[in-house]
Structure formats: C-alpha cells, structure tokens
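Engineer: What follows is a single structure, and I will ask about it in a moment.
The values are calculated or read from the model by the stated rules, or taken from the named source; none is laboratory data. As the structure is a prediction and not an experimental result, all values here were calculated from the model. Don't worry about glycine lacking a Cβ; one is built from the backbone with ideal geometry, like all the others, and counts go over all protein chains shown. Areas reflect the complete protein model, heavy atoms only, side chains present, ligands, DNA and RNA absent. Shrake-Rupley method; radii C 1.70, N 1.55, O 1.52, S 1.80 Å.
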Amino acid sequence: MTSPTIDEPDNPPERSTTATEEELRAEIERLKRQLEQNKPHGAHSALENPKRPSGGRIMLLLILVAAIFLAAFFGGYIPHHRRDMQVIAEASAQNDALPDVTVVADAGMISEANQKAIEDAGLSFILGTKIPGEPYAVAQWRREHPGQDLPDGHVFTQPWPATGAQKAGGHRDKTIYYQYRADRGRRTLRGIDEQVAKAEKAVAGLVPVKRNRFITLAEGENTVNRDLEAKARALAGLKGYTTNLAACPDGTPVTAEFVISAYHDLWRIEKSFRMSKHDLQARPVYHHQRESIDAHLTIVFAALAVSRWIEQATGWSIRKFVKTARRYRTIQIQAGNHILTAADPLTSELHEILGRIHRDPSAH
C-alpha cells in the first residue's frame, strides 16, 4: 500500500532575519521623526503621553503587529498547508504496522478532498453522504410505484464503480446505500412546513425577511422557491451511506445492514469525547509546554481506556460505577504493634460487579 503524495507549498524565499529587523527599525524611526515634525506647537509627543492615544500611536502599534506577524510567518509559526492533510499523510505512512483500518465519519466531517486523500491512502471507509438530488434508485422506485409512500426502513442500493484511472491509483469500487425512515421523514417534513410558513409570511410582508432557504430574493419582489420545497420534500426521510468495503470483518460480503450499523456506532465515539471533556476533565488545560500537554492528554486517554473497559466488563456506565463504589472505604488503624482494618460491607450487587471485573480475562 503506497502512501499518498501531498504537494507541499513552495518554501518562501529565504531572507535574512537581521535585514528584516533593521528595515523595521528604520521604518519606525522614520515615522517617529515625521510625527515629531508635524505635531502642533506646545503639544506633547504621542509617545510621551500614554493617556491620550493618537493616530501616531495607533500607527506604531499597527507596525509592531505587522512585525510580529512577519516574524511568525518567517519563523514557521503560521502553517503553510492544511493540518488535516498532514495528519492523513502521517497516518498513511504508518499503515503497514496497522491492520485494515476503516474510517467511519459523518458527511459534515469529511470533505471531497479528504475523502480522496483517504482513498489515496488505501483505507476503507464508511461515510455519511450528502444527497444533493433525488437518487436514481429512489426515482425509479417511485416511477414503478406511483402514489405509494416509501416503505419504512427500505434500503436502496446504488453501485458506484471506479474508473480505470481510479483503479490504477488504488481506488476501489464504491457502493451507496440510501435508507428511508418514516420517523426521520416526519421530523424533516415538520421542519420544512415551519420554514415554508415563515417564508410565505415574509414574502407577504407580515414579518421581516430573515435568512430562509425557501425565499428567493429579487429586486422589487421576493418569492417562495417552490422547486426547492418540492426537492426537499422528495428527499425527506432519506440518508445516504457510502463505503468501499467489499466484505465484512468475518469475510462475508458486505451488506447494507452492516454498513448502517457501523455508521450508527459513531455515538460511541461522541460519548467518549463527551466523557473525556467532562468526566475525565480533559479541559481546561493549564499547561504551556508541549511535554506537559502531551502528558496531560496521555493520562486522560489512559483513563478513558480504563473507563471504557470497566463499562464493557460490568455493563454499567462509568458514572454509575464511580458513584456507587466511591462511598465504600477501607480504613487501617495502627494501635501499637497491631493494625486494625475496618471496611464498609459491600452490597451484593457491587460484589457481583467487582466479580465481573476479576473474571474478565482481558483484565490480566
């Protein structure tokens, strides 16, 4: 598997830092002399009167800010290319040490360029898909079943073969699954009805015209975009899933149920990030050194791994486990040469939960 080639921007022309600083100092001195010559008689210099900001002081501040940005740019503190592409390149460079990785992401998280980079890296993916227009498979079904509603849970399959050039570049055939859910459709239609009603009131002059996708703004007359409304109603309840997987992890051919189920497992990732930010107190980070920040996040993610393992072994949420177990304490009291141990008795339920942890083979 070859790593993707990412074009790095051309390096900025090298320039002497000393020369740049000297030019900035000379420009500042020139402006200071010009301000001194042009100030009215008896007035204090802007530099000598900090309580009365003037145009000259503002100009000097702007020059200093520009100097800081120039130093940051030539020093490399301002990035010259997209960080997400760099992360993908670094990940793909290490793919030989990893098993087959499948990227699962929502449509709002992956752009077309990022999807291409994932394909160039040879990774498998399951991505949420934006639906710009009515899919061909859905339109064909409606032509064959006029006047009928889409069945709840029905899945439309649309193959998307790779071209010869794409296959030569290591890209695989893709498949797009469109699933219709009646509950999703009802919620979407309710939102469309509310927006169209607001658009009609705005066009009639009853309410101010605000941002509304169903209003077409024109000089002298605003109208309700009925074509866009019909298109939105036709897509209500549909959600797309794109994958380049050819088989499931057990070797069986990939199915729509597997793809959709894997995509819906994203809630576990979202739960982990909510847990890391709140329960594990990943933020705020009161560190300034890179090593300290890395150590902080390493501890947080180690605690996250332990927490997820406890949840898997016990069937309890980590919040319930900590809240239940933290009230029990073991106290040791030394009296002369003797040590007395006192402990609160555990409930039978907590005994069972702790037994699951000790019996879990992954704990050793």
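Engineer: Quick one: if you stick a label point 7 Å off each Cα along the C-beta vector at A218 and T157, how many nm between them?
Structural biologist: For the pair A218/T157, the computed spacing is 4.6 nm.
Engineer: For D250 paired with E291, estimate the spin-label separation in nm (one decimal), with each label point 7 Å from Cα along the Cα-to-Cβ line.
Structural biologist: For the pair D250/E291, the computed spacing is 5.0 nm.
Engineer: Based on alpha-carbon positions alone, could you give the equivalent ellipsoid semi-axes of the range 96-172 from the gyration tensor, as √(5λ), descending, whole Å?
Structural biologist: In descending order the semi-axes read 31, 15, 12 Å.
Engineer: Sticking with this one: Starting from the Cα gyration tensor of the range 300-354, multiply each eigenvalue by 5, take the square root, and state the resulting semi-axes largest first in whole Å.
Structural biologist: Values: eigenvalues 170, 43, 14 Å².
Rounded to whole Å, the semi-axes are 29, 15, 8.
Engineer: Projected area of the range 132-175, taken from the Cα convex hull and averaged over every viewing direction, in nm²?
Structural biologist: 4.3
Engineer: Simple spin-label model, 7 Å along Cα-to-Cβ: R356 to A342 in nm?
Structural biologist: For the pair R356/A342, the computed spacing is 3.2 nm.
Engineer: Would you mind computing Rg(Cα) / (2.2 N^0.38 Å) for the range 182-329, counting N as its residues?
Structural biologist: 1.68
Engineer: Can you give me the C-alpha center-to-center distance between the range 141-177 and the range 211-241, rounded to a whole angstrom?
Structural biologist: 25
Engineer: How would you rank 249-261, 298-310, highest first, on the average number of other Cβ atoms within 10 Å across their residues?
Structural biologist: Working: 249-261: 13.2, 298-310: 14.9.
Ranking the peptides 249-261, 298-310 by packing returns 298-310, 249-261.
Engineer: Now a separate question. Per residue, how large is the accessible surface of the range 198-261? Use a 1.4 angstrom probe and give square angstrom.
Structural biologist: With all protein chains present, the range 198-261 gives 62 Å² per residue.
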